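Asks: Here you go, one structure.
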Amino acid sequence: MNNSVGNTARLIGAGLRALLVLTVLCGVVYPLAVTGLAQVAFSDKANGSEIKDESGQVVGSELIGQTYNLDKKDPNDAEEAAKPDLKWFQPRPSNGLGTNTVNQQYSLILSGATNKAADSGAVDGKCTEEEGTLCAQVLAAKAAVVADNSTASYKVKPEDVPADAVTSSGSGLDPNISPEYAKLQIHRVAEQNKLDVKQVEKLVEKNTEGRTLGFMGEPRVNVLKLNIAIKALAAS
């Protein structure tokens with residue numbers, strides 16, 4: 001009987017010691033080591049890939065898209081459609097993801113695809129304007145892109161509108177656009193901000209990133225970084 005009680009006590013003691021050691025190693029030492037390594041080697045990414053403006057104020061994250069819309073006449077009117085502020089480069093659409101009541105600059109609450117099939121609204125392989133379909137959204141978005149980005153000296157052709165200008169990403173929060181979509185917006189942004197087109201072209205080129213490691217993904221332009229550069233150029 002005494003041996004049984006003693007063995008049980010020893011097993012409980014060993015288990016408690018193992019629990020204490022593993023708690024210290026896995027719950028304290030390992031997290032501190034990983035956090036320290038991340039702060040030293042990848043400080044920017046570890047802190048959320050924050051982007052700061054010219055004044056040093058954090059204005060967003062490199063990983064999360066923002067909207068650049070005009071203020072609503074009635075902020076409480078959920079039915080009023082948001083209109084893009086044409087002074088800025090516009091991101092990809094984020095169709096039908098709902099209203100964010102926490103921070104209107106980010107679509108953090110409702111993130112995801114529209115879940116509409118690629119042939120939604122298509123008849124015999126051609127897009128129609130059937131209400132509520134993906135085809136109707138794409139056609140409306142293309143018409144808006146052509147209208148918004150055509151200026152007195154530069155006319156956008158419907159066939160020149162790239163896919164990312166009229167379709168949302170899987171998350172609806174894509175912070176990047178294609179170089180083609182950025183170039184399509186250059187004349188409008190230059191006109192709205194009273195800037196020289198060549199100056200804006202140089203900013204787009206400067207903010208264009210190539211494929212990751214030279215072969216993964218596609219070339220891209222971070223909209224927030226580009227708009228910060230536009231703001232600084234317009235202010236100067």
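Asks: Given the stretch 117-220, what helices (runs of 4 or more DSSP H) lie entirely inside it while holding 3 or more residues that are among the β-branched types (Val, Ile, Thr)?
Replies: On the way: elements: 134-149, 179-192, 197-206.
Because the criterion is at least 3 residues that are among the β-branched types (Val, Ile, Thr), the helices (runs of 4 or more DSSP H) in the stretch 117-220 that meet it are 134-149, 197-206.
Asks: Those residues that are surrounded by fewer than 14 Cβ atoms within 10 Å (Cβ to Cβ) and within 21 Å of Gly60 (Cβ to Cβ), I need them from the stretch 196-211; list them, please.
Replies: Lys206
Asks: A further question follows. For Ala182, are the conditions met, namely being of a type in the set (A, V, I, L, M, F, W, C) and at pLDDT 95 or above?
Replies: Yes; evaluated as a whole, the condition is true for this residue.
The values are calculated or read from the model by the stated rules, or taken from the named source; none is laboratory data. Everything quoted here is computed from the prediction, not taken from an experiment. Every residue, glycine as well, gets a Cβ built from its backbone with ideal geometry; the counts of neighbours run over all protein chains shown.
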